[in-house]
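What follows draws every value from the coordinates through simple rules; no lab data is involved. Computed from a predicted structure; not experimentally measured. We place every Cβ from the backbone using ideal geometry, glycine too, and count neighbours over all the protein chains shown.
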Amino acid sequence: MGELLKRIRSDLGLSQKQMAGMTMSVMQYSRIESGDQRIIADDLFEILTAQQVSARCFVDAINFDFERAADFTDVLLCQLNKGESDNAYGIKRLIYLCGYGAVLEEYEL
């Protein structure tokens, strides 16, 4: 996800500070872009919304397939295992909003 956020930021001609906005510190955002930190669903939604990028476009840009779906479900399971149901709900919402609810059903989530 970090690589895609970086590509979107670059395409928009924004600095990391502008992309992170009020959502998180520049350092946190930088770690997400570099892959050293995961982004929670709520923060992802907030950043995408601030830059007027739809969740659907974001997921389509990932070239969503079942391998990518496995990445999303891994993040979802991690959030559920940590007891972070709000973050897990956000990830499930992203998957359903983008029309990939069948992925969750396949993984019985």
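Here are the numbers for this structure:
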{"item": "Label-point separation in nm, Met22 to Asp36, each point 7 Å along Cα→Cβ", "result": "2.7"}
{"item": "Under the Debye formula (equal points on every Cα, no solvent term), log10 I(q)/I(0) of the range 1-42 at q = 0.17, 0.25, 0.26 Å⁻¹", "result": "-0.37, -0.83, -0.90"}
{"item": "Stretch gain in nm, segment Ser54-Met1, where the contour uses 0.36 nm per residue and the Cα spacing is subtracted", "result": "17.6 nm"}
